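Working notes for the structure below.
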Amino acid sequence: MDTVNYVGLWTVVKREIIRTLKVINQVIWPPIITTLLYVFIFGVAIGSRIQSVQGVTYAQFLIPGLIMLQVIDASYGETSSSIFQGRFMNSIQELLIAPLSATEIVAGFVLGSLARALAIAGIITVLGFILVHTLPQNWLLYAGVLVVVCVLFSALGIIFGLMAEKFDHLAVLTTFIITPLVFVGGVFTAATMLPPFLRNLELFNPIFYTIDAFRASYTGQSYLPIGVSLAAIGALALIALGTALRMVATGYKLRA
Amino acid sequence: MTLANPAIAIDGLYKRYGELTAVDGISLRVEAGDFFGFLGPNGAGKTTTIGAIVGLLRKTAGSIQIFGYDIDRQWRVARRLVGLAPQEFNFDRYLSIRDVLLFQAGYFGLRPRVVCRRVDELLERFDLTAKAHVEYTKISGGQKRRLMLARALIHEPKLLILDEPTAGVDVELRLELWEMLRVLNAQGITIFLTTHYLEEAEALCRNIAIVRGGKIVAQQSTQGLLDGHRETTLAVRLDRPIRELPATPVLRGARFEVGDTLVQVDGLTASQVASALAALEAAGFIVEAVDFKRATLQDVFLELTRS
């Protein structure tokens, strides 16, 4: 018999994409509209008074940060709500009784999440080109960081989707940890704009590494060596992925 | 798959939740092709046992084989052989009725183009074609029950596990589902059924296990269970009001009200029934009507599960 249930894995991915399309007004258009507002208010209106940052206009500087902001949110939100809803409605039992391994289930959710994140990133990238005439200079770095960040946050979404006892718990991580870390992690500011104390504090913020590396795909400049940032994000992604896999494999809050 | 192997072989199954033992050392064999009833009161361990068979829970101890395949070591093959219709509706709310079947097939490794025809056949067979493109929240309870069965069958399992398949459905649909299950069993699918409707088990199942407190308290053929409890209740309508009954041992314990014409006697064997009627006639009564109530599976069940 086959060792990997590829059809099953693809079916999980397809199901996640269908779910995204069914709630498109909740998960695709809002981040796009929010991004447009950030670009117009911070980038164009206020940013016109700011001198160039990392060799580009402030509006152009904002775009990669905003992409990261929405990709992180989308990746975490997709898997955490899907897993939690599946547990809440018991529909996840359809997967649990099927010949699907923990790796296939986790991969299906992560790839489904990646599809949503890439769609959002793609739309914002196009809007960035149309509105403020910026495009990535290094597409490989652009795609690489996107994928690793998506894996990291979709794995975190699986972990919290499994741990949560009610929907409210899912918001705890976003409200109290992810959103603050993203906002202070360099979406709106370059590290060089910060006083030395805050600049050093940023090194303890994992989101800072993701935005710094991703922005380098646009501007070609980064505060930290790109290899260091990629290693840090990659390590975190592996730890999160390993934890999510372990939880699904042992049936944590899935199999009584 | 080897047909010589039993469809289900459970050996020493235990499931404990902290101090609570939900399944307490169950061992069970269900032969291939059987229609097997797994009965017990609420909390007896039926759904827990099913959960262990299909991999929805982690066993504390014991082994389970499906047609000879161990559910832990050969889980992929074992799961492909089982179709489950759980007690509670657990459909994916984002999918249409047709997609519920297509996606379930996909999870089992079947490509849509391979399974498309089977999906349409099942929709037709379970009278769901008209609802194929609506979400499950928009169909009736009876249609949801039929969809559960269709979904359990989509990957052509050899063993169908049904946890209360007719809960909450009207009599007409229940009879319709019974007929569907009989046909499936006649086609060679082994059926493992739990139900609270004991007449359902009596009508459908060839073999039965009764479980109480996580242990099996009886396991034999349905007929064997009933034959072991052949006692009959005799109800006799007499020609005139009863003042007193003849003092014969067979009528000891007879129930009647003075002035009424009805007398009932419980727990009689066939020969005692004849003796009772003879005693009544000897006492001058004319028997106008006789009715017998034979022990049903419900009587057997209550006797075995009452603490």
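The values are calculated or read from the model by the stated rules, or taken from the named source; none is laboratory data. It should be emphasised that the depicted structure is a prediction, and the values quoted were computed from it without experimental measurement. Here the Cβ is made from the backbone with ideal geometry for all residues, glycine too, and neighbour counts use every protein chain on show. These area figures cover heavy atoms from the full protein model, side chains too; ligands, DNA and RNA do not enter into them. Shrake-Rupley method; radii C 1.70, N 1.55, O 1.52, S 1.80 Å.
Check chain B and count each lysine pair with an alpha-carbon distance under 15 angstrom, considering only pairs eight or more places apart or from different chains.
6
Over the Cα atoms of region B:228-281, each weighted equally, I'd like the Debye log10 I(q)/I(0) at q = 0.23, 0.26, 0.32 Å⁻¹, rounded to two decimals.
After summing over all Cα pairs, the log10 values are -0.85, -1.06, -1.48.
From the convex hull of the Cα coordinates of region B:84-131, what is the mean projected area in square nanometres?
Average of the hull's projected areas for region B:84-131 equals 3.7 nm².
Provide the packing ranking of B:116-127, A:44-55, B:39-50, i.e. peptides ordered by the mean count of other C-beta atoms within 10 Å per residue, highest first.
The peptides rank, most packed first, as B:39-50, B:116-127, A:44-55.
Over the Cα atoms of chain A, each weighted equally, I'd like the Debye log10 I(q)/I(0) at q = 0.08, 0.10, 0.11, 0.14 Å⁻¹, rounded to two decimals.
So the normalised log intensities work out to -0.32, -0.49, -0.59, -0.92.
Using unit Cβ charges (K, R positive; D, E negative) and no other charged atoms, how large, in debye to the nearest 20, is the dipole of the protein assembly as shown about its Cα centre?
1500 debye
Sort all Cα-Cα distances of region B:140-278 into consecutive 10 angstrom bins from zero, then give the percent of pairs in each bin up to the one containing the longest distance.
In order of increasing distance, the bins hold 10, 28, 20, 18, 16, 7, 1 percent.
Quick one: with all protein chains in place, what share of the accessible area of region A:32-156 is carbon or sulfur, to the nearest percent (1.4 Å probe)?
Ligands and nucleic acids excluded, carbon and sulfur reach 70 percent.
Sort the following peptides by mean Cβ neighbour count (other Cβ atoms within 10 Å, averaged over residues), highest first: B:189-202, A:206-219.
Descending mean neighbour count gives A:206-219, B:189-202.
Can you give the convex hull volume per residue for the Cα atoms of the protein assembly as shown, as a whole number of Å³?
197 Å³
Nearest 20 debye, what's the magnitude of the dipole of chain A about its Cα centre given +1 on Lys and Arg Cβ and -1 on Asp and Glu Cβ?
Dipole of chain A, to the nearest 20 debye: 180 debye.
Suppose every Lys and Arg Cβ carries +1 and every Asp and Glu Cβ carries -1, with no other charges. What dipole size does region B:2-158 come out with about its Cα centre, to the nearest 20 debye?
400 debye
Let me confirm one metric for peptide B:94-101, namely the mean number of other chain beta-carbon atoms within 10 Å of its residues' beta-carbons.
3
Could you list the square roots of 5 times each eigenvalue of the Cα gyration tensor of region A:124-235, that is, the equivalent ellipsoid semi-axes, sorted largest first and rounded to whole Å?
Equivalent ellipsoid semi-axes, largest first: 25, 18, 14 Å.
For a quick size check, give me the Cα extents of region B:65-111 along its three principal axes, largest first, whole Å.
35, 27, 13
Partner chain Cβ atoms within 10 Å, averaged over the residues of B:52-61 - can you pull that number for me?
3
Using every Cα-Cα pair within region A:66-191, state what percent have a distance larger than 18 Å.
Considering region A:66-191, 57 percent of its Cα-Cα pairs are separated by more than 18 Å.
Along each of the three principal axes of the Cα atoms of region B:104-196, give the extent in whole Å, ordering the values from largest to smallest.
Principal-axis extents of the Cα atoms in region B:104-196, largest first: 38, 32, 19 Å.
Tell me, what ³J(HN,Hα) does each residue in region A:138-149 have, in order and in whole Hz, if you take phi through Karplus 6.51 cos²θ - 1.76 cosθ + 1.60 with θ = phi - 60° and put x for Gly and Pro?
10, 5, 5, 5, 3, 5, x, 5, 4, 5, 5, 5
Counting only heavy atoms of the protein chains, get the accessible area per residue of the protein assembly as shown (1.4 Å probe) and round it to a whole Å² value.
Per residue, the protein assembly as shown has 44 Å² of solvent-accessible surface.
Let me confirm one metric for peptide A:94-107, namely the mean number of other chain beta-carbon atoms within 10 Å of its residues' beta-carbons.
The per-residue average across the peptide is 5.
Classify region B:37-174 from the C-alpha gyration tensor, please: rounded if a/c falls under 1.5, else prolate or oblate depending on whether a/b exceeds b/c.
oblate
For region B:248-307, which trypsin sites (Lys or Arg not before Pro) pass both filters: DSSP loop (anything but H, G, I, E, B) and at most 15 other C-beta atoms within 10 Å?
Counting only loop positions with at most 15 other Cβ atoms within 10 Å, the trypsin sites (Lys or Arg not before Pro) in region B:248-307 are B:R252, B:R306.
How big is chain B in terms of Cα radius of gyration and Dmax, in angstroms?
Reported Rg and Dmax, both Å: 24.4, 79.
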